[in-house]
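Asks: Quick one: this structure, given as structure tokens, is what I'll be asking you about.
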Amino acid sequence: MKKCWLELADDLSLEDLPADATPGFDGDSDAAREATDRLRDELIDLQDRFHAQGRDALLIVFQAMDTGGKDGTIRRVFSGVNPAGIRMARFGRPSANELAHDYLWRVHPHAPARGQIVIFNRSHYEDVLVVRTNKLFPEPVWRRRYEHIRGFERMLADEGTTILKFYLHIDRDEQRKRLQARLDEPDKNWKFDAHDLEQRKLWDDYMAAYADAIRETSRPFAPWYIVPANRKWYRDYAVMSIIVDAMRRLDPRYPEPDYDPKKIRFK
Ligand code: ADP
């Protein structure tokens, strides 16, 4: 697989990474869309085997700034996949009951079963992102969570779950355009939330929080992929190709029948 994500070197911040990059396609959106369509056919086939085999579980985490494109990516990448083997879990503001528990309490029940793909639309990472930028808990509380999260994901991986984590990287100017579009285009008005404007003021804090979260919790058993996401067609291609590559490596196969199909005849 050609490299379609960005590396966050130690001396860089997320804002140094080009959100409008299109590595491998040099701006050619038609070619990328065709490649995405071909990969989608392959994903549908791989997922059918994966589900039938019921051996592995796959957890796919999506995080992004507001307007970063989580919903659109999920819609486009997974359209046509058999709903029987796939589910999405959203993590919004915690309820009073959720807040009365530890922060992973609401997350663990959504972990995928064998044969299942579960998509996290936001995730336990909010507990080191929005919690940090909005000062919902003091620093010692969120800082020790990196270790919990590494341990939690390690446990899931040891028990048979493949984990892929995507940060959809848009830049500040792209967010401005997308927020404006929510006001200008009537069929996007429903997406506008004044709360997003408050969060936009915290852009620099979010970038620092994301960079720390990515560095602290990217491990071979649960890697983060920073996907350049200003161009939606590239973002979709990159996410699709990383998922398909991971599923190819799992090499799912239909289970062998424990009978001889040639010896059975219907009357
Ligand atoms: P989305 O923006 O993903 O489409 P919503 O509009 O429902 O979904 O927003 C979810 C909100 O919940 C976001 O502002 C997010 O930061 C917030 N949220 C998620 N998890 C937590 C958490 N653990 N603590 C506080 N806020 C959270």
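Asks: Ordering 240, 1 from largest to smallest accessible area (1.4 angstrom probe), what's the sequence?
Replies: Order by accessible area, largest first: 1, 240.
Asks: Tally Lys/Arg at +1 and Asp/Glu at -1 over every other residue whose Cβ is under 12 Å from the Cβ of residue 139; what's the total?
Replies: Net charge in that neighbourhood comes out at +4.
Asks: May I ask you to rank 44, 74, 264 by accessible area, largest first, using a 1.4 Å probe over the protein chains only?
Replies: 264, 44, 74
Asks: Next question, about the same structure. Taking H placed 1.01 Å from N in the peptide plane, check which residues at least 5 places from residue 56 or on another chain put their amide H under 5 Å from its amide H.
Replies: HN-HN under 5 Å from residue 56: 115.
Asks: Let's test the formula: R0 of 25 Å, r as the Cβ-Cβ distance of residue 190 and residue 96. What FRET efficiency results, to the nearest 0.05?
Replies: 0.40
Asks: Could you give each residue of the range 102-116 its phi-based ³J(HN,Hα) in whole Hz, using Karplus coefficients 6.51, -1.76, 1.60 with θ = phi - 60°, and x for Gly or Pro?
Replies: 5, 6, 8, 4, 7, 8, 4, x, 8, 4, x, 7, 4, x, 10
Asks: Would you mind checking the tilt of helix 29-53 against the longest principal axis of the Cα atoms of the chain, expressed as 0 to 90 degrees and rounded to 10?
Replies: Long axis of 29-53 versus the principal axis of the chain: about 50 degrees.
Asks: Between 45, 204, 11, find the one with the highest GNM mean-square fluctuation for the chain; connect C-alpha pairs within less than 10 Å.
Replies: 11
Asks: Let me ask another. Using a Gaussian network model on the chain with a 10 Å cutoff between Cα atoms, which of 171, 102, 236 fluctuates the most?
Replies: 102
Asks: Rank these by accessible area, largest first, 1.4 Å probe: 71, 196.
Replies: Descending order: 71, 196.
Asks: What does the accessible area of residue 231 come to, in Å² to the nearest 10, when a probe of 1.4 Å is used?
Replies: 90 Å²
Asks: Label-point separation (nm) for residue 172 and residue 265, each offset 7 Å from Cα along Cα-to-Cβ?
Replies: Going by the 7 Å Cα→Cβ label model, 7.8 nm.
Asks: Next question. For the range 144-184, what % of the accessible area comes from carbon and sulfur atoms, probe 1.4 Å?
Replies: With neighbouring chains kept in place, the figure for the range 144-184 is 43 percent.
Asks: May I pose another question? With a ≥ b ≥ c taken as the square roots of the eigenvalues of the C-alpha gyration tensor of the range 29-252, please select rounded if a/c is under 1.5 and otherwise prolate if a/b is larger than b/c or oblate if it is not?
Replies: Oblate shape, in that a/c is at least 1.5 and b/c is the bigger or equal ratio.
Asks: Between residue 165 and residues 5 or more places away or on another chain, which pairs have amide H atoms under 5 Å apart, with H built 1.01 Å from N, and which residues are they?
Replies: Under 5 Å from the amide H of residue 165: 61, 225.
Asks: Between the range 168-215 and the range 76-126, how far is it from one alpha carbon centroid to the other, in angstrom?
Replies: Between the Cα centre of the range 168-215 and that of the range 76-126, the gap is 22 Å.
Asks: Continuing with the same structure: As a test, work out the antiparallel percent of DSSP beta bridges whose residues both lie in the chain, rounded to the nearest 5.
Replies: In the chain, DSSP labels about 10 percent of beta bridges as antiparallel.
Asks: With equal scatterers on the alpha carbons only and no solvent term, can you work out the Debye log10 of I(q)/I(0) for the range 216-267 at 0.16, 0.20, 0.26, 0.31 1/Å?
Replies: Here log10 of I(q) over I(0) equals -0.67, -0.86, -1.05, -1.14.
Asks: Quick one: helix 145-158 against the long Cα principal axis of the chain, what's the angle to the nearest 10°, folded into 0 to 90?
Replies: Taking the Cα atoms of the chain, the angle to 145-158 is about 10 degrees.
Asks: Under the rule of -39500 (n - 2.57) per DSSP H run of 4 or more residues, summed and divided by the residues of the chain, what mean residue ellipticity at 222 nm is obtained, to the nearest 500 deg cm²/dmol?
Replies: Calculated at 222 nm, the ellipticity per residue is -13000 deg cm²/dmol.
Asks: Right, next: Is the shape of the range 92-155 rounded, prolate or oblate, going by the alpha carbon gyration tensor and its root eigenvalues a ≥ b ≥ c, with a/c under 1.5 for rounded and a/b larger than b/c for prolate?
Replies: The shape class here is prolate.
Asks: I've got another one for you. From the square roots a ≥ b ≥ c of the eigenvalues of the alpha-carbon gyration tensor of the range 134-267, which class results: rounded (a/c under 1.5), prolate (a/b over b/c), or oblate?
Replies: Oblate shape, in that a/c is at least 1.5 and b/c is the bigger or equal ratio.
The values are calculated or read from the model by the stated rules, or taken from the named source; none is laboratory data. None of the values given here were measured: they were computed from a predicted structure. FYI the Cβ positions are ideal-geometry reconstructions off the backbone, even for glycines, and counts take in every protein chain you see. Side chains included, ligands, DNA and RNA excluded: accessible areas come from the protein's heavy atoms. Shrake-Rupley method; radii C 1.70, N 1.55, O 1.52, S 1.80 Å.
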